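Working notes, beginning with the structure itself.
Where a number appears in this text, it was derived from the coordinates with a stated rule and is not lab data. The structure presented is a predicted model; accordingly, all values stated were derived computationally and were not measured. A quick note on method: Cβ atoms are made from the backbone with ideal geometry, for glycine too, and the neighbour counts reach across all protein chains shown.
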């Protein structure tokens with residue numbers, strides 16, 4: 001394998017007939033019932049998205065202790081400084097913290113002393129580093145609250161303790177062998193936490209901490225006769241961060257996303273989310289879960305990738321609609337610039353570097369690459385090669401001179417963070433810092449150590465790669481009956497909650513290709529027919545000609561043109577149809 005995409009196998013997701021029948025009997029549309037049954041939904045009750053079905057905050061280890069720590073800080077008029085990560089999850093988690101703590105303080109007749117700080121990724125890197133603590137100390141905080149980071153910040157927390165600053169860590173990343181000596185750690189993935197949803201995003205963890213804080217304030221009688229703030233107003237931010245961070249949509253996360261989407265569709269979102277939707281050309285009433293990941297998340301992330309995520313956070317915490325609109329336009333321009341940079345880097349990689357790809361794990365580096373975009377580049381190359389990929393860029397100047405920052409993306413079934421952990425044991429000192437998930441990770445190493453990393457990554461990946469993982473498979477929901485290929489069914493599917501671990505329906509059928517033409521220079525517009533029906537279809541980002549008879553894996557979508565709506569097939573994969 002040297003740059004060639006491996007052969008793809010199309011399979012149909014299995015489902016239990018009993019689950020399918022149970023859902024149909026409960027009134028679920030037959031198409032949805034089959035799709036849900038294939039995603040391990042056993043009964044209609046599993047689809048209920050009422051807030052009362054959320055796992056209670058009391059089950060999240062140390063959430064109550066965090067609530068008491070924050071309640072004491074509010075009552076004592078202590079200065080609270082939230083330290084955010086610089087991606088969409090971190091930005092939304094920071095906004096939940098700022099909005100939630102300020103609202104609860106005011107409801108207790110206390111003037112809020114809540115501010116935030118987000119590191120410049122190009123200067124300070126990821127997490128609560130000692131250098132970041134020193135920068136934060138200039139604001140004289142009594143309590144630092146990390147959001148979407150901190151579980152690996154052993155040295156940073158130690159520095160905060162030296163300076164007499166308490167630290168509350170809220171995070172969801174996997175912990176290392178040593179936990180920081182913080183006053184309190186809330187993380188569903190830390191040892192001893194029995195919280196049923198290990199898939200909470202950083203924003204979800206912070207939301208639960210705010211819920212726990214409200215419970216503590218209520219128990220203390222801190223609200224008096226004043227009304228409690230409606231924390232459900234934060235769920236639009238929770239939904240955005242959860243989808244944008246691509247965490248698995250287990251039942252608990254689906255409830256959080258559902259509640260947030262209800263607010264967005266009802267026109268009750270924060271001004272920043274409303275402004276970002278407008279900048280993306282999306283009507284709030286028609287917002288789908290996938291829009292948060294593909295339209296809003298990238299615009300928010302663009303601030304952290306190319307500039308300062310403080311811009312994105314300001315967009316999410318302002319109550320001034322005009323200011324939110326202005327920031328959203330800035331973020332939209334940054335996202336356009338991000339796409340331009342990404343396209344150039346991807347073309348360079350595909351033209352010159354992809355031939356260097358190792359058989360099991362591939363690493364790529366060019367001195368001119370932009371470190372804010374290497375994560376996206378790694379994801380694109382991972383899709384192309386169906387291999388774990390790590391991309392590197394120079395970390396900068398000054399203290400970062402001579403260092404590389406890397407961002408990796410993996411394939412399902414291969415745990416990238418565990419691979420990096422094993423590499424640190426094989427070659428101590430090679431990787432200076434690392435952290436992340438099974439499917440994504442970040443790391444730092446010296447420029448001169450890149451060749452060693454490249455070879456060792458390929459070696460360890462080859463040793464630890466489970467059988468069959470590198471054979472790409474497209475999972476589909478099988479054939480879609482012609483009578484269900486309608487606008488009503490397309491709209492029904494679009495309205496549901498889809499995302500990581502709970503994928504959008506993908507069907508597979510055989511069609512006759514009646515016509516095909518290039519649109520927008522890199523997309524293919526098609527007319528396909530099946531069982532006497534004709535369908536407009538499109539395949540994005542590919543100009544590969546369709547055969548006369550084609551087996552296509554496709555999504556049922558809605559197309560709007562001149563005010564008229566019709567069904568459109570979005571083809572994700574195609575291959576010549578088998579004979580017969």
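At a glance:
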{"item": "With Cα atoms, 0 to 90° folded angle of helix 416-426 axis to the chain main axis", "result": "60"}
{"item": "Residues in the range 470-499 reached by a label modelled at residue 266 [backbone nitrogen below 15 Å; 7 Å Cα→Cβ]", "result": "none"}
{"item": "Shape call, the range 477-576: gyration tensor on alpha carbons, a/c limit 1.5", "result": "rounded"}
{"item": "Cα gyration tensor category, rounded, prolate or oblate, for the range 467-525 with a/c compared to 1.5", "result": "oblate"}
{"item": "Length-normalised contact order of the range 477-576 in % [C-alpha pairs under 8 Å, at least 6 apart]", "result": "27"}
{"item": "Angle between the chain longest axis and helix 374-385 axis [Cα atoms, degrees, rounded to 10]", "result": "30"}
{"item": "Relative contact order (percent, whole number), the chain, Cα cutoff 8 Å, 6+ residue spacing", "result": "13"}
{"item": "Neighbour-count order for 186, 246, fewest beta carbons within 10 angstrom listed first", "result": "246, 186"}
{"item": "For 315, 108, order by how many other beta-carbon atoms lie within 10 Å, fewest first", "result": "108, 315"}
{"item": "FRET efficiency for residue 131 and residue 24, using Cβ-Cβ distance with R0 set to 51 Å, rounded to 0.05", "result": "0.30"}
{"item": "Spatial separation of Cα centroids for the range 42-61 and the range 386-449, in angstrom", "result": "36"}
{"item": "222 nm mean residue ellipticity, helices alone, for the chain (DSSP H n ≥ 4; -39,500 (n - 2.57); rounded to 500)", "result": "-11500 deg cm²/dmol"}
{"item": "Alpha carbon centroid spacing (whole Å) that separates the range 104-180 from the range 193-230", "result": "19"}
{"item": "Calculated FRET efficiency for the pair residue 109/residue 347, C-beta based, R₀ 51 Å, to 0.05", "result": "0.30"}
{"item": "Label-point separation, residue 46 to residue 225 (7 Å along Cα→Cβ), nm", "result": "5.0"}
{"item": "Nearest 10 degrees, 0 to 90: helix 235-244 Cα axis against the chain principal axis", "result": "60"}
{"item": "Order by protection proxy (mean Cβ within 10 Å, highest first), peptides 366-373, 344-351, 151-158", "result": "151-158, 366-373, 344-351"}
{"item": "Prolate/oblate/rounded call for the range 56-334, Cα gyration tensor, a/c under 1.5 rounded", "result": "rounded"}
{"item": "Net lengthening on full extension, residue 283/residue 366 (0.36 nm per residue, minus Cα-Cα)", "result": "25.9 nm"}
{"item": "Ranked list, fewest to most other Cβ atoms within 10 Å of each Cβ, for 15, 36", "result": "15, 36"}
{"item": "Protection proxy ranking, peptides 491-504, 163-176, average beta carbon neighbours within 10 Å, highest first", "result": "163-176, 491-504"}
{"item": "Theoretical gain in end-to-end length, residue 123 to residue 474 [0.36 nm per residue, Cα-Cα removed]", "result": "122.4 nm"}
{"item": "Inter-probe distance in nm under a simple model that places probes 7 Å from Cα toward Cβ, at residue 544 and residue 290", "result": "2.0"}
{"item": "Contour minus Cα-Cα distance for residue 565 and residue 448 (0.36 nm per residue)", "result": "36.5 nm"}
